[in-house]
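Read-outs: derived from the displayed coordinates by stated rules, not from any lab. Quick caveat: nothing in here was measured; it's all calculated off a predicted structure. Cβ sites come from the backbone with ideal geometry, for glycine too, and all protein chains shown count toward neighbours.
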Amino acid sequence: MTVQPTAELTIDLGALVANYRLLQRHGKPARVGAGVKANSYGLGADRAAPALAKAGCKEFFVAVLSEAIALRPLIPDADIYVLSGPIGGDEPEFIEHRLIPVLNSLPQIETWSRWCDDDAPAPAAIHIDTGMSRLGLSPADLDHLIADPKALKLIPVQLLMSHLSVSEEVEHPENPGQLKRYKQAVDRLLPLLPARPILSFANSSGIFLGRDYAFDLVRTGAALYGLNPTPAAPNPMRQVVGLKARILQLRQIDAHQTVGYGAHRSTRATSLATLGLGYADGVFRALSHVGAAFVGGIRAPFVGRVSMDLITIDVGDVPAHLVQPGAWVEILGAHQSADDLAVLAGTNGYEVLTALGARYQRRYLPAG
Ligand SMILES: *Cc1c(COP(=O)(O)O)cnc(C)c1O
């Protein structure tokens with residue numbers, strides 16, 4: 001049986017590892033940890049995490065426990081941090097799989113302390129909220145903890161972290177503001193801890209805010225996967241993701257002919273090509289009328305609405321020999337990055353990557 005793919009996603013593990021090394025150079029002397037949550041931003045944590053571990057990465061971050069359990073056998077020697085921490089009742093799973101919870105609240109600290117005893121240390125991370133108001137200890141929580149550190153003192157605190165909210169805007173005053181609040185919290189907590197924990201503050205963009213932001217360990221995601229950590233400047237990262245789709249059918253249309261759902265009217269007589277992918281594959285419906293593919297380097301705009309499984313593009317300006325049924329068309333690649341597509345869709349590159357569908361034929365280029 002031969003199944004011909006209608007769309008193919010290429011994930012370049014060599015580019016991923018090259019990005020890791022580039023972040024190591026920028027982040028020095030901090031170590032570089034990898035955010036592999038949400039299936040490595042949609043690219044496949046089962047392939048990305050082992051490739052990064054082989055390149056020397058020892059610290060990995062996921063959002064939820066199930067992601068960590070799935071990764072444990074693939075990166076047996078790595079430290080795997082679970083950003084949401086225990087929800088309550090799942091503490092034994094952390095211990096069984098040697099996973100490190102990020103404790104975000106006083107109740108989480110209190111509960112975890114009961115799982116710590118002298119013969120079975122159960123390391124944890126503590127998250128201090130310095131401005132996100134999502135997860136982490138609030139300023140009031142921190143005051144309480146310092147006034148009554150009984151539970152804290154039972155826990156081997158391996159890492160003390162916070163998270164930046166606008167690190168991609170280099171000049172934003174929240175950056176130095178959060179940095180100051182993080183340092184103050186660290187200064188108050190360190191005297192209560194028997195051993196100095198790993199300090200971790202910066203995400204991908206945070207590395208590019210300067211050396212003060214790096215501390216001991218940076219937690220990178222977006223830049224590893226090729227998104228631009230410095231949106232105001234050219235992207236220093238290598239592209240990791242390529243996406244191409246096949247032309248399923250071609251047709252000539254007259255001016256004012258209707259195209260797709262909603263009976264969009266063409267503005268010109270032209271050639272249309274129908275591609276075998278759609279919003280079910282993560283090419284957002286918001287890209288209707290504004291998205292584009294590239295054929296032989298020539299822009300071929302989306303015409304009408306993006307459907308669940310199909311997109312029509314205007315190939316009137318593309319040489320005919322490049323637009324045959326079965327020919328490949330670029331959606332993400334040399335001419336259009338995930339960041340570019342995100343701008344057209346009114347979102348960010350993170351959402352473009354994490355939305356990439358499960359239906360693609362996936363091809364992994366080896367890290368070498
Ligand atoms: C996702 C995440 C990161 C990685 O952020 P990027 O911007 O993708 O580098 C770091 N820390 C925390 C807490 C996160 O949730």
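Here are the numbers for this structure:
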| read-out | value |
| --- | --- |
| The stretch 47-98 - Kirkwood radius from inverse mean 1/r over Cα pairs (Å) | 11.2 Å |
| Nitroxide proxy distance, nm - points 7 Å out along Cα→Cβ at Arg25 and Glu169 | 3.0 nm |
| Signed unit charges on C-beta, dipole axis of the stretch 158-218, positive-most listed residue Leu189, Val218, Leu179 | Leu189 |
| Hydrodynamic radius (Kirkwood) for the stretch 241-365, which is based on Cα pairs only, to one decimal in Å | 14.5 Å |
| Per-residue [θ]222 nm for the chain (sum of -39500 (n - 2.57) over DSSP H runs n ≥ 4, rounded to 500) | -7500 deg cm²/dmol |
| Overall Cα dimensions of the stretch 108-201 - principal axes, largest extent first, Å | 48, 23, 22 |
| In Å, descending, principal axis extents of the Cα set of the stretch 13-225 | 48, 41, 26 |
| Inter-part distance where the stretch 141-179 and the stretch 62-116 are each reduced to a Cα centre, Å | 19 Å |
| Range in the chain, longest, excluding exposed trypsin sites (Lys or Arg not before Pro) [loop by DSSP; at most 13 other beta-carbon atoms within 10 Å] | 135-267 |
| Phi-based couplings in Hz for the stretch 351-359 (Karplus 6.51, -1.76, 1.60; Gly and Pro marked x) | 6, 4, 5, 5, 8, 3, x, 8, 8 |
| Long-range amide H partners of Leu243 with built H, under 5 Å | Thr10, Ile331, Leu332, Gly333 |
| Lys, Arg +1 and Asp, Glu -1 on Cβ, resulting dipole of the chain about Cα centre, debye, nearest 20 | 900 debye |
| Candidates Val329, Val36, Val240: whichever shows maximal mean-square fluctuation once the chain is modelled as a Gaussian network with Cα springs under 10 Å | Val329 |
| Magnitude of the charge dipole, the stretch 208-277, Cβ model with Lys/Arg +1 and Asp/Glu -1, debye to 20 | 280 debye |
| Dipole axis of the chain (+1 Lys, Arg; -1 Asp, Glu on Cβ), positive-most option in Gly262, Gln324, Ile69 | Gln324 |
| Residue order, fewest to most beta carbons within 10 Å, for Val102, Val3, Val352 | Val3, Val102, Val352 |
| Distance between modelled label sites at Val3 and Asp340, nm, 7 Å Cα→Cβ extension | 3.0 nm |
| In order through the stretch 253-261: 3J(HN,Hα) via Karplus (6.51 cos²θ - 1.76 cosθ + 1.60), integer Hz, x for Gly, Pro | 10, 7, 4, 6, 6, 7, 9, x, 4 |
| Set Lys28/Lys54; Lys28/Lys58; Lys153/Lys180 screened for pairs whose C-alpha atoms are more than 21 Å apart | Lys153/Lys180 |
| Nearest-20 debye value, the stretch 5-152 charge dipole, Cβ charges on Lys, Arg, Asp, Glu | 800 debye |
| Other-chain or far-sequence residues with amide H under 5 Å of Gly35's (modelled H) | Phe61, Thr220, Gly221 |
| Surrounding net charge for Thr347, when Lys and Arg each add one and Asp and Glu each subtract one, Cβ distance under 13 Å | -2 |
| Per-selection Kirkwood Rh - the chain (Cα, Å, 1 d.p.) | 22.4 Å |
| Residues with amide H under 5 Å from that of Ala293, placed H, sequence gap 5 or more | Ala300, Phe302 |
| Length added when fully stretched, Thr354-Ala263, from 0.36 nm per residue minus Cα-Cα | 29.7 nm |
| Sites matching GluC sites (Glu not before Pro) across the stretch 159-246 that sit in DSSP coil, with at most 10 neighbouring C-beta atoms within 10 Å | Glu171 |
| Sites matching chymotrypsin sites (Phe, Trp or Tyr not before Pro) across the stretch 204-277 that sit in DSSP coil, with at most 16 neighbouring C-beta atoms within 10 Å | Tyr261 |
| The stretch 91-107 - phi-based ³J(HN,Hα) in whole Hz, Karplus 6.51/-1.76/1.60, Gly and Pro as x | 4, x, 5, 4, 5, 4, 9, 6, 9, 9, x, 8, 8, 10, 9, 4, x |
| Positive minus negative residues near Arg299 (Lys, Arg vs Asp, Glu; Cβ under 13 Å) | -4 |
| Local net charge near Phe60, Cβ-Cβ under 15 Å (Lys/Arg +1, Asp/Glu -1) | +3 |
| Among Gln324, Gln336, Gln158: highest mean-square fluctuation, GNM of the chain, C-alpha pairs under 10 Å | Gln324 |
| Top of Val82, Val259, Val17 by mean-square fluctuation, Gaussian network on the chain, Cα under 10 Å | Val259 |
